[in-house]
Each structure stands twice: as structure tokens, then as C-alpha cells.
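Take a look at the structure below.
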Amino acid sequence: MDARDEASRLVETYTPLIMRIGYTYLHSREDAEDICQETLLKLVRRGEPFADEEHEKAWVVRVAINGCKDLLKSAARQRSVGLEEESVKSTPDGETSDILGAVQALPETYREPIFLHYCEGYKIAEIARITGKSKHAIAKNLSRGRAMLRKTLGGDL
Amino acid sequence: MKSRYADSLHAIEMSEERKDALVDMLAKEIEAAPSKQVSIEPPKKPRRHGSTRFKIAAAAACIAVALGGGGAAYAMDVGGVQRIVQVWVHGDQTDAALVVDNGTYTLDYQDADGNAVHRGGGGVVVNPDGAERPATEEELLKEINAPEVSYETDGRVIVYYLGQSLDITDKFEDGVSYVQLQSDGETLYMTIKYQGGYALSPDKYIQPNMFG
């Protein structure tokens, strides 16, 4: 496989996933695109081989999440446009669905497992490995996140 | 919820222009360093050992190695001070080198067979006002010493909690087992789904449909 084919494979395989992660954390399509670029550059610069495709995917998820957290912590982003304003201008089709908005309003502790479980289909043990937290903590945060969503959405789960 | 939530997020895509630019950028990067192209190797076969205890410990080490590739990176770059603490591993208390920094930790110890084990992780705590803060050392140690459900190679299911171990292999009904754990006069109620995680509460058994 030549370099361009490999680059296309990575972009086609992982940009949808990283965009979802980026949007979940950053509420901004533009920032999510930046996280895509940063994550995939790290991927091609990584010297170590992966055990299999699942290992590669889990690595991408982890690095993308860490990238989002770093961006959220950066002083530059905190000084820039407020999250609410940015979210409005960047959401798909100009509006956010009620459920997407409810998930994005969750504290990060709950939003992370909700996203990985319900959107990406990871099991509790897999989320624990990806995030470096215990299975107990993930199960607890999933449960609390679901309870908060139930309250917000009026039992529409 | 799963479908509606996933559908909402799947609508968020990278623009075609940005995709094309990214492909160009990655292709140049790959060409510049052909020896570092992304590759996938078949997994190495795990070493086989005689005792059940070692197999469990070896599994823990594999997980730690996987985390070291990226998930524990936050913890591996920490600048905290290392100190020796006692942690419980599969019912045995052992000395471990713990480094905590800003809610993340690394933990190094030797398992029952003398193999070096490296673990890392971290977490945040949500205050009553909704604000998040990094977990303290005490909170991280509590997580490190949380109960553990071990699915052993001979089919047994063992719960380890501090110095206790409990065989619950035959305690599942419809894939769920309810276990009471006691330590220092405190009771923890544990709901375990077979191969599906567990929930813990100091007050009551969490219903299986509330997690996993």
C-alpha cells in the first residue's frame, strides 16, 4: 500500500470516529477537525506497531480524548469564544438535537462513558481500559449519566 | 436513546476539503518516514504457566502494557513524588511505588510470582456544585483497592476485595449475582453481571438494568 492509499485509509476509517469524539468534548466542528488532524499525525508518527485493528482503534480513541482534554485546558481556548456561542455556530444543520444537547450538557465524567458506550458501542471493561479508570467507576458514571439524562429528557431514553 | 444519540453525532462529518488536505498531509508524513508507517502485527501468544494465580497476574500485566501505549500516558508524564504504599492485588497486600499528580497515578509493584507490573490511571470527582476536580491520592487509592471480579481460566469467578476472596461461580441467577462485602464494619452491596461489569453501593443493591 503506498503512502497516499494508507493516508486515505486512515482518514476514511478514523475521521468519523474522531469527529464524534471531538464534537462530544469540544462542541465545535472546527475544533473537532483540528483534533482529527492532530490525532492522525500522531498515528502516522507512532513507531510502535499495533497488535490488531482493535488495538489501533482504542489507541486512536485514547489519543483523541487526551487531545480534546488538552485543548479544553489550554488558556488560548478558554480566552476564545464562549462555548455556548461556539456551539450554536458549529452544530450540524444549525441546530442540535435534544438528545445530543442533553448529552453534551452532562459533566465530562458522565459524558465520556455515555458517548463511548452508546455511540461507539464499547463495553464497560473496554471503556475502563481506554480511559484508565476502574470498571466500577465507569459503571457508576454510566448509571449516573443515564439518570441525569432521564431527568433532562423526561424519561425519554 | 442509543440510536437517536448515535444518529445525531453521525451527522457531524469533516468537510471534504479538509479531508483532502489531511490526506495530502498524512501522505507526505508517511513518505518522509517510511519506516514508521502504521502497521498491525498479529498478537503474541501469551506465555502459559502452571498456576491459576499466575495466569490472573499475567492478565493484569497485559492490561497494564496496553494502557502504557497511550491511556496511561497522562500518568506516565507526571511530575509527582513517588512513595511506597500498600495495595491489595487479588487478595494479597503488597508494597507498590505510587506517583500521583493532578488526578492521575502510576503504580509499580511485583506480583505474586515476582513479575514487575506497571499500572496507570486517573479520574475526576464531581463536587456537589457540579464542578470537577482531580481525584486526590486517597480517592485514587480507594479506586485502586476497589473490589475486583476475576474470570479465571478454569471457569471460576472470584471476587477479590482487600484481603478477602469469594468464589461466586455458582451464585449467578439469570447472569446476575448479588454479593455483600464487609470491611471495618462497613457493608458494600455489589451487583455483578456475568462478564458485564458490576455496580457497587453502600446503601443497596443496584438494579442490573441500571448499568452495563
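Residues considered: B:Gly175, B:Gly212, B:Gly163, B:Gly185. Of these, the only one that is more than 12 Å from chain A (Cβ to nearest Cβ), modelled with pLDDT under 85 and on the phi > 0 side of the Ramachandran plot is B:Gly185. Residues in segment B:105-114 that are surrounded by 14 or more Cβ atoms within 10 Å (Cβ to Cβ) and of a type outside the set (Gly, Ala, Ser): B:Tyr105, B:Thr106, B:Leu107, B:Asp108, B:Tyr109, B:Gln110, B:Asp111. Among the residues of segment A:17-68, the ones that are more than 20 Å from B:Tyr5 (Cα to Cα), facing chain B (nearest Cβ under 7 Å), modelled with pLDDT under 90 and within 12 Å of the chain's Cα centre (by Cα) come to 3 in all. Taking segment A:142-156 as the range and being closer than 13 Å to B:Asn209 by Cα and at pLDDT below 85 as the test, no residue passes. Does segment B:41-48 include one or more residues that are away from chain A (no Cβ under 14 Å) and either at pLDDT below 50 or touching a Cys at 6+ places or on another chain (Cβ under 9 Å) (or both)? Looking for residues that are away from chain A (no Cβ under 14 Å) and either at pLDDT below 50 or touching a Cys at 6+ places or on another chain (Cβ under 9 Å) (or both), one finds at least one in segment B:41-48, hence yes. Answer yes or no as to whether B:Ile168 is among the aliphatic types (A, V, I, L, M), buried (at least 17 other Cβ atoms within 10 Å of the Cβ) and away from every other protein chain (no Cβ under 13 Å). Here the answer is yes, as B:Ile168 does meet what is asked. Considering every residue within segment A:72-86, establish whether at least one is part of a helix (DSSP H, G or I), of a type in the set (A, V, I, L, M), at pLDDT 75 or above and crowded, with 20+ Cβ neighbours inside 10 Å. The answer is no, given that none of the residues of segment A:72-86 is part of a helix (DSSP H, G or I), of a type in the set (A, V, I, L, M), at pLDDT 75 or above and crowded, with 20+ Cβ neighbours inside 10 Å.
Applying the condition of being acidic (Asp, Glu) and assigned to a helix (DSSP H, G or I) to segment A:94-108 and asking which residue is nearest to B:Gly123 (Cα to Cα) yields A:Glu108. Do we have any residue at all in segment B:92-104 that's within 23 Å of B:Tyr189 (Cα to Cα) and surrounded by 13 or more Cβ atoms within 10 Å (Cβ to Cβ)? Yes: one or more hits. Report, by residue number, each residue of segment A:109-140 that is within 22 Å of A:Asp98 (Cβ to Cβ), more than 7 Å from every other protein chain (Cβ to nearest Cβ) and part of a helix (DSSP H, G or I). Across segment A:109-140, the qualifying residues are A:Tyr110, A:Arg111, A:Glu112, A:Pro113, A:Ile114, A:Phe115, A:Leu116, A:His117. Here B:Val159 qualifies as under 18 Å from the mean Cα position of the chain (by Cα), β-branched (Val, Ile, Thr) and crowded, with 19+ Cβ neighbours inside 10 Å. Go through segment B:12-27 and give me each residue that's surrounded by fewer than 14 Cβ atoms within 10 Å (Cβ to Cβ) and assigned to a loop (DSSP other than H, G, I, E, B). Result: B:Ser15, single match.
The values are calculated or read from the model by the stated rules, or taken from the named source; none is laboratory data. In this text the structure is predicted, and so the values were computed from the model without any measurement. Note: ideal-geometry Cβ built from the backbone for every residue, glycine included; neighbour counts use all protein chains shown.
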